[in-house]
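Participant: First, the structure itself, so that you have it in front of you.
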Amino acid sequence: MMSRFLSPNILLGIAPIVLVIALWQGLVSFGFAPAVLLPPPGFVFGRLLQQLVTSTFQHEIAATLFRLFAGFAIAVVLGVSLGIAAAANPAINAVVRPIVRVLAPLPKVALYPALLLLLGFGHGSKITLVAADALFPILLSTYYGASTVEQKLIWSAMAAGTPRREILFKVVLPAAMPSILTGCRIGLVISCIVVFLAEMITSTDGLGHALVTAARTFQAVDMFVPLITISLLGLILNGLLGAVRSYLLRGFPEA
Amino acid sequence: MKVVPSRSSEWVRPVTPHEPASVIIEIDRVSQVFQTSARRDHVALSDISLTIEEGAFVSILGPSGCGKSTLLYIVGGFVRPTSGAAKMKGRAITGPGPDRGPVFQEFALFPWKTVLGNVMYGPRQQGVRATEAEAQSRALIEMVGLKGYENFYPKELSGGMKQRVALARTLAYQPEVLLMDEPFGALDAHTRTRLQNDLLNIWERDRKTVLFVTHSVDEAVFLSDKVVMMSKSPGRIRQVIDIDLPRPRRRNELLLDPRYQKYVVDIERMFDESDDAGAPA
Amino acid sequence: MKVVPSRSSEWVRPVTPHEPASVIIEIDRVSQVFQTSARRDHVALSDISLTIEEGAFVSILGPSGCGKSTLLYIVGGFVRPTSGAAKMKGRAITGPGPDRGPVFQEFALFPWKTVLGNVMYGPRQQGVRATEAEAQSRALIEMVGLKGYENFYPKELSGGMKQRVALARTLAYQPEVLLMDEPFGALDAHTRTRLQNDLLNIWERDRKTVLFVTHSVDEAVFLSDKVVMMSKSPGRIRQVIDIDLPRPRRRNELLLDPRYQKYVVDIERMFDESDDAGAPA
Amino acid sequence: MMSPAAMVKRAAPVLACIGLLVVWQVASLALKNDSFPTAIEAMRAIPGILGDKESLVNILASLRRMAIGFGLAVLVSIPLGLLMGRSAAVAAFFNPLLMAIYPVPKAALMPIIMLWLGVGDVTKTLVIFLGVSLPVIYHSFEGAKAVEEKMLWSGAAMGLSPAQRLVRIVLPAALPEILTGCRTGLVLALITMITSEMIARQSGAGNILFNALDMGQYDTVFAMIIIVGAMGICLDAIFERVRARLVRWSEPQFDMPLSFS
Amino acid sequence: QQTIRVGWTIPAEESKYWMMRRAAEFPNLGKAYNIEWTQFQGTAPMTQALAAGALDCATQAPLSLSNGVVGGNLKAYIVAQHVFEKPGGFSVYWAVKDDSPIKSIADLKGKTVGISVIGGGTQGPFNLLLKQNGVDPAKDIKLVEVGFAVSEDALRQGRVDAVNMNQPFAARAEAKGGTRKLFSLSEAMPNIVHILEACRADFVDKNPEAVKAYVRDITSGMKKALANREETLKVVNEVLKAPIPVLETYLLKDNDFGRDPGAAPNFPAIQKMLDIYAETGMLPKLDAAQFKHPTIVAPLE
Ligand SMILES: Nc1ncnc2c1ncn2[C@@H]1O[C@H](COP(=O)(O)OP(=O)(O)OP(=O)(O)O)[C@@H](O)[C@H]1O
Ligand SMILES: Nc1ncnc2c1ncn2[C@@H]1O[C@H](COP(=O)(O)OP(=O)(O)OP(=O)(O)O)[C@@H](O)[C@H]1O
Ligand SMILES: [Mg+2]
Ligand SMILES: [Mg+2]
């Protein structure tokens, strides 16, 4: 029922993050971690603010965001449509299910070298990797969500003359929405991780690239700036997803 | 009451139910056996045969769990009977269609749509233009007494209100056959009486066929041309009673009619005769 | 009928409802306002005050959507009223407790438990030993006519069967106050009558207090000491009527009693007087 | 005797696998790319791996870490997710924190993780733990949110304390959704089991795979990928068994009418 | 009995591979001290692990070690050396396709060039060479990171115009043909030291005896590796899983890196490399002497 963000809730949410930062500061101050490996948070946030206004850093963020969104969008479209199709049609299910069983648990990074050669060192290979990793959580959630849709909802729609194909969009999709959105949330987090990983393995720009170059030369502060950025990005994207969620699920009791 | 544009508004229904009408629904030796989780067979319907004439109002009465809902699902085409077959206009029923509109016992409203959205769904699906569908739907919502609740989501409605939305949703797309599963079960007497009259009006005007599950003998006799009495364990048809009362019927007149009272008393007695608290087959 | 071990089986309930009994539930100027998704306030209950004496059988009658369920939720402690307060035995109700047992309109059975598992849940929770709880539960299941269905899961039951399981589940843990929301709404007349009698027996033997929502004026008059009539938009109490009929009551005797008939007719007329199809506040 | 349709259904998984291999074979032949060997080349390398005792020890070591990581993650995440689902305050407290922490790639934190946990099993198990817990927490969270309130009210009226309600009502009611999370968790467990061995390795399946990758021995890389895929099939089959047992009560009673023709 | 946590990597640390695979031939190993082996992907993560105290000794490149010293407060001794570029032997080189129009370093202008690790050890000499030929490594070329394992494919697929080659991948590519050497690192300086063995200074100071025994075994491991090529091929095959026929084409032959028979670090060469890094702006000026322990350094008998 509490669909609106109340300010006490925001405070509650900020509290643990502040605690973590305090813990971080404590670890540095009391010597549990040398500053060269774990720089004090003040430094990192200071540098972040400095960096944010530079065009190079903005360019890195833009590159990462583009790959992130492109890959995630592909994963959502593919995952949702395949998941629903598999839940609705036994023939498709018989094909998709074993393929998913095999492909889902594969470590996609191991295919990254092959992807690089196929798609080059630019956006293409990274977007593909992000999509491949984010796809399966979304697909699985959609599948399970769609296969537990209340039968009578489908019956009602069919009796109202909805053609079978449209049932998927008009009933199964909205009814499975809570589960799909959970899958998307997981897919989004995975996308964040994977886009970073891909950029760390090989790239010439992006936050992941900024991170490895800093890490190799032990510039701890510069290394933490991309980390904090991705953290903030995660928070922001999650907030957006939360807003989308409470809009889409406004009729559901759990919203 | 001009909410649902009638298909043939000039047409007047003959008042005698016994005129030779064409058969619209034919249920032919239908049985339904469920596999329970305990891996046992459970016979819900056993050898049901029934024919329903076009334009007839048929009620089904029977003890709880005797298979009334299951029978409706089969006619609706939602469930395939284990054996036997149901036909509509001579063609086997293989799936749901907009010619048969169900009102489910559990309502089954779309939780992601508002009251208006739920009611408009059918007409929109049938290709009615948005403005027109909305006007029709609003009229139906008003008819079921939910004016002002158009933008409420199902979770914000009371049980009886949900039931009325489900009723309006099905009426909105004007199916030829209505399959109604205790559609007034959660309503107070007053609302119930009003909706019974509304339903009769629509039925008489649009020459619909209605298959109506109810627990109220009263209601069954008041509304129907024919009452099907079922018995339990396994679900069978016990008796089919033709209700030979003049139409149009008015509640207050009918209540005083000794024929009406006799029907009610007879049917009630019949139920009392058998103790139906049986165990599953 | 020896299914529920009575707490004081020798105690005989006085037949006159007007003896000075102690108040068990006190509802004091309760209002309930819901926030709808459309961000509007919707007044479900407005300024409700009501006292219920210990051991009384009180029915609530009212048009669909008038706030009967909401009122029950407040007494159950499931919902905190927007303003006003409900008290039980002088103490403010702050949450649910095993002293008040609800039977919900939507049944709310545990889908992962069988019929037996659902019914046994309460007694087991109260610390009754497994064998004893099972014996009691089986007896209750038999009472509601579901013998043979003990190992069925809720999804395998018909609507009326689920409702009976919900009833048995609540009776099983013997709450002092029963909060019943149309507990017989989905039952056929025959089963309904049987369960009404069973309920009266339990109530008379165990001196329970019952708050009973129903849509049947008949049922309300037959069962109750007091009928609360509510009106809609926003939900208010219109009138409280004491039913001054002798107990124990037998249905067939009562049907012939002119006092009974007068009550029914009076209450029905009262409802008819007002047209309650209001819009939300 | 099986009907032809049933036989096709039975054989579908096998057919799909064969189809996958054929597509792979054709694609790799068409692409002529050394780092993308043909399916046959990759399969030829499998006996070499499975026949080698050391490799088997490696694979078992990985599986052990995976089992521990998965088990711990499930044990921690389900209660946390359920609590978040039932208490707005708990959700408001943890959600932003988790959403700030999870997107950070663990590989990037290696220097600090190594500082406290070294480079051994603990670190890798932690990585697996984090991978698995993400979907389990969030599916439990959503599952708990969607539990019908009146079921909880019934429980409360029977005298269940909030903690008991969480365990005895929210948990079973949310179980189908939780299991969906576990299913995704299983996938991520296998992936992180391998990738946790990318940077620092002592023993493990990832060790074999990434060594081969570093050495440009792509047939071994892809043979390992096939082996991981096979593990995926087995684990999923086991999982589906367990799932079918646990949530029999929730499966839809009727076939999806979409396929009803 | 002291345990030493050792980091290693592939593909050119034969004496350590011997110790891992033929432990029985090292009498002190397992008696005087113990080793916990952890394999890493590259030297940079090992530097981080050394700085974090998660490793005691590890394979290092001069650049990564120096980065650890400059940025990570790492104090370490170079106790042995694995491979270097001996004149006439293998030198990491940049290859182009046979039919490529690129004939000289100057032709690289405007091209996409692959390098195994951007900012890695080879980039100092590489940058120097480019500069000497009038190419600005920062502006005139597009540098992409291509691991050694995929460099051949990347070149053949046309993803890069030139790419660096290392053994054993170079040997494999040469056997196939179709590529040609454009320039090699040895043109920037001779005797480039590729990988070393380094140990954390605090660990050495605390456990001088164990480290001494370890260095002694590295020395003898190197001896064994050089003395018995047949067996070394087998050992390397077990570790790298690279087929013996491929190893056969280069390992410990003339077209391989150089190995000092006593695994002795070549401090002057290291100093020279540090100077190049300083010159190309990758590092501040450093003195190689700080890495030298007075007694514990290979060769130790
Ligand atoms: N999925 C199922 N598995 C097993 N048995 C089932 C299933 N669905 C229904 N049944 C059984 O079939 C019988 C008929 O059920 P049905 O819902 O048709 O009854 P009904 O006449 O509509 O009852 P009510 O008036 O209570 O709604 C019941 O005994 C029920 O237990
Ligand atoms: N969550 C909610 N949000 C907004 N309005 C609500 C909500 N829950 C209930 N209402 C409104 O409160 C009013 C009373 O609902 P309630 O369920 O108490 O009615 P009722 O008397 O039990 O009706 P019925 O006989 O149909 O069950 C209704 O108008 C309903 O729309
Ligand atoms: Mg039914
Ligand atoms: Mg209600």
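The values are calculated or read from the model by the stated rules, or taken from the named source; none is laboratory data. Everything numeric in this text was worked out from a predicted model, so none of it was measured. Please note: Cβ atoms are built from the backbone with ideal geometry, for glycine as well, and neighbour counts cover all protein chains shown. These accessible areas exclude ligands, DNA and RNA; they are computed on the full protein's heavy atoms, side chains included. Shrake-Rupley method; radii C 1.70, N 1.55, O 1.52, S 1.80 Å.
Participant: Modelling each spin label as a point 7 Å along the Cα-to-Cβ direction, I'd like the A:A62/D:V76 distance in nm, to one decimal.
Facilitator: Spacing of the two 7 Å Cα→Cβ label points: 4.0 nm.
Participant: Does anyone have the angle between helix E:208-227 and the longest principal axis of chain E? Alpha-carbon axes, 0 to 90°, nearest 10?
Facilitator: 50
Participant: Leaving out ligands, DNA and RNA, and with a 1.4 Å probe, what % of the accessible surface on the protein assembly as shown is carbon or sulfur?
Facilitator: 58
Participant: How many Å² of accessible surface get buried when D and A come together, counting both sides, probe radius 1.4 Å, rounded to the nearest 100?
Facilitator: Summed over both sides, the interface buries about 6400 Å².
Participant: Let me ask something additional. For the stretch C:112-174, with only Lys/Arg (+1) and Asp/Glu (-1) charged at the beta-carbon, what is the dipole magnitude about the Cα centre, in debye rounded to 20?
Facilitator: 140
Participant: So what's the Cα pair-distance distribution over chain C, bin width 5 Å, in %?
Facilitator: Taking all Cα pairs of chain C, the binned fractions are 1, 5, 12, 16, 18, 17, 14, 10, 5, 1, 0, 0 percent.
Participant: Peptide D:231-238: average number of partner chain Cβ atoms within 10 Å per residue?
Facilitator: On the way: counts 2, 7, 4, 1, 2, 7, 1, 0.
Across the residues of D:231-238, the mean count of other-chain Cβ atoms within 10 Å is 3.
Participant: In vacuo Debye scattering of chain D, one point per C-alpha: log10 I(q)/I(0) at q = 0.10, 0.12, 0.14 Å⁻¹?
Facilitator: -0.67, -0.91, -1.10
Participant: Another question about this same structure. Taking the Cα atoms of the stretch E:1-106, report the difference between the largest and smallest coordinate on each principal axis, in whole Å and largest first.
Facilitator: Each principal axis gives a Cα extent; for the stretch E:1-106 these are 60, 36, 23 Å.
Participant: Connecting C-alpha atoms closer than 10 Å in a GNM of chain D, tell me which of D:R241, D:R65, D:R201 has the biggest fluctuation.
Facilitator: Looking only at D:R241, D:R65, D:R201, the largest GNM fluctuation is found for D:R241.
Participant: Which residues belonging to the stretch D:79-95 lose at least 10 Å² of 1.4 Å-probe accessible area when the assembly is complete, relative to their chain isolated?
Facilitator: SASA drop of 10 Å² or more in the stretch D:79-95: D:A88, D:A89, D:A92, D:F93, D:N95.
Participant: Sticking with this structure for a sec: Output the residues of the stretch B:141-157 meeting this criterion: accessible area (heavy atoms, 1.4 Å probe) in the chain alone minus accessible area with all protein chains in place is 10 Å² or greater.
Facilitator: Output list: B:G145, B:K147, B:G148, B:Y149, B:N151, B:F152, B:Y153, B:K155, B:E156.
Participant: State to the nearest 20 debye the size of the charge dipole of the protein assembly as shown about its Cα centre, where the only charges are +1 on K and R beta carbons and -1 on D and E beta carbons.
Facilitator: Details: 143 positive and 127 negative charges, 85 e Å.
That gives the protein assembly as shown a dipole magnitude of about 400 debye.
Participant: Scattering from the C-alpha atoms of the stretch A:47-249 alone, worked out with Debye: what is log10 I(q)/I(0) at q = 0.11, 0.12 1/Å?
Facilitator: Relative scattering, expressed as log10 I(q)/I(0), comes to -0.59, -0.68.
Participant: OK, next. Using a 7 Å offset from the Cα along the Cα-to-Cβ direction at both D:Q202 and C:N252, what is the distance between the two label points in nm, to one decimal?
Facilitator: 8.6
Participant: Shifting gears a bit: Provide, in order from the shortest bin, the percent of all Cα-Cα pairs of the stretch B:112-174 in each 10 Å bin, continuing until the bin that contains the maximum pair distance.
Facilitator: 26, 59, 14, 0
Participant: Using alpha carbons only, how many degrees (0 to 90, rounded to 10) separate the axis of helix D:205-214 from the longest principal axis of chain D?
Facilitator: Tilt relative to chain D: about 40 degrees.
Participant: Using only Cα atoms, locate the centre of the stretch B:75-98 and the centre of the stretch B:120-174, then give the distance between them in Å, rounded to an integer.
Facilitator: If we compute the Cα centre of each part, the gap is 27 Å.
Participant: Here's another thing I want to ask about it. Which value in nm describes the separation of the simple spin-label points at E:A201 and C:E106, placed 7 Å from the Cα toward the beta carbon?
Facilitator: Going by the 7 Å Cα→Cβ label model, 7.1 nm.
Participant: Here's another thing I want to ask about it. Restricted to Cα positions, what overall size does the stretch B:156-240 have along the principal axes? Three whole-Å values, descending.
Facilitator: Per principal axis, max minus min of the Cα coordinates gives 38, 30, 21 Å.
Participant: In percent, how large is the relative contact order of chain E, given Cα pairs closer than 8 Å and 6 or more residues apart?
Facilitator: Answer for chain E is 29 percent.
Participant: Next up: By the scheme Lys and Arg +1, Asp and Glu -1, what is the net charge of all other residues having a beta-carbon under 9 Å from that of E:I78?
Facilitator: Result for the neighbourhood of E:I78: 0.
Participant: In whole Å, what is the distance between the alpha-carbon centres of the stretch D:70-112 and the stretch C:199-243?
Facilitator: 50
Participant: Stick to Cα atoms and the Kirkwood definition of Rh, then tell me Rg/Rh for the protein assembly as shown. Spell out each step's value before the answer.
Facilitator: Numbers: Rg = 39.0 Å, Rh = 36.0 Å.
Rounded to two decimals, Rg over Rh is 1.08.
Participant: Continuing with this model, one more query. Here are some pairs, B:K68/C:K113; A:K126/E:K111; A:K108/E:K109; E:K16/E:K86; A:K108/D:K53; D:K32/E:K142; which of them have Cα atoms lying more than 32 Å apart in this structure?
Facilitator: Values: B:K68/C:K113 25 Å; A:K126/E:K111 22 Å; A:K108/E:K109 35 Å; E:K16/E:K86 20 Å; A:K108/D:K53 26 Å; D:K32/E:K142 26 Å.
Correct reply: A:K108/E:K109.
Participant: Using 26 Å as the Cα-Cα cut-off, could you pick out the over-long pairs in E:K181/E:K292; E:K224/E:K253; B:K155/C:K155; E:K176/E:K253; D:K124/D:K145?
Facilitator: Check vs 26 Å cut-off fails for E:K181/E:K292; D:K124/D:K145.
Participant: Same structure, new question: Can you work out the FRET efficiency for the pair D:L56 and E:I244, with r the C-beta to C-beta distance and R0 = 25 Å, to the nearest 0.05?
Facilitator: 0.65
Participant: Which of the trypsin sites (Lys or Arg not before Pro) found in the stretch E:1-50 are in a DSSP loop and have at most 14 neighbouring Cβ atoms, other than their own, within 10 Å?
Facilitator: Within the stretch E:1-50, the qualifying trypsin sites (Lys or Arg not before Pro) (loop, at most 14 other Cβ atoms within 10 Å) are E:K31.
Participant: Take peptides E:276-289, D:113-126 and line them up by average Cβ neighbours within 10 Å, highest first, as a rough protection proxy.
Facilitator: My ranking of the peptides, most packed first, is D:113-126, E:276-289.
Participant: Could you give the C-alpha radius of gyration of the stretch B:85-126 expressed as a fraction of 2.2 N^0.38 Å, taking N as the number of residues it contains?
Facilitator: 1.46
Participant: Once R0 is set to 35 Å, what does the formula 1/(1 + (r/R0)^6) return for the Cβ-Cβ distance between D:C234 and A:T204, expressed as a FRET efficiency to the nearest 0.05?
Facilitator: Efficiency computed from Cβ-Cβ geometry: 0.30.
Participant: Provide E:D136, B:D188 ordered by accessible surface of protein heavy atoms (probe 1.4 Å), highest first.
Facilitator: Per-residue accessible area, sorted high to low, gives E:D136, B:D188.
Participant: Do the sum for the protein assembly as shown: with -39,500 (n - 2.57) for every DSSP H run of n ≥ 4, divided by all residues, what is the mean residue ellipticity at 222 nm, to the nearest 500 deg cm²/dmol?
Facilitator: -16000 deg cm²/dmol
Participant: Normalized C-alpha radius of gyration of chain E, against 2.2 N^0.38 Å?
Facilitator: In units of the 2.2 N^0.38 Å rule of thumb, it is 0.99.
Participant: Just for the Cα atoms in the stretch C:59-167, what are the lengths along the principal axes, largest first, rounded to whole Å?
Facilitator: Principal-axis extents of the stretch C:59-167 (Cα, largest first): 46, 33, 24 Å.
Participant: Amide H of B:G84: which non-local residues (sequence gap of 5 or more, or other chain) have their own amide H closer than 5 Å, using H built in the peptide plane?
Facilitator: Result for B:G84 returns B:S31.
Participant: Right, next: Skipping prolines and chain starts, which residues have an amide H placed within reach, meaning under 5 Å, of the one on E:N228, given they are 5 or more residues away or on another chain?
Facilitator: none
Participant: Same structure again: Determine the distance separating the Cα centre of the stretch A:1-72 from the Cα centre of the stretch D:178-201; give it in Å without decimals.
Facilitator: Taking the Cα centre of the stretch D:178-201 as reference, the centre of the stretch A:1-72 is 26 Å away.
Participant: At R0 = 45 Å, how high is the FRET efficiency between B:A130 and D:A244 if r is their beta carbon distance? Nearest 0.05 is fine.
Facilitator: Numbers: r = 44 Å, r/R0 = 0.98.
The formula returns an efficiency of 0.50 here.
Participant: A further question follows. Mind telling me which of A:F224, A:F66, A:F43 comes out most flexible in a GNM of chain A, alpha-carbon contacts under 10 Å?
Facilitator: A:F43
Participant: Please average, across the residues of A:88-96, the number of beta carbons from any other chain that are within 10 Å of each residue's own beta carbon, and give a whole number.
Facilitator: Per-residue shielding by partner chains comes out at 4.
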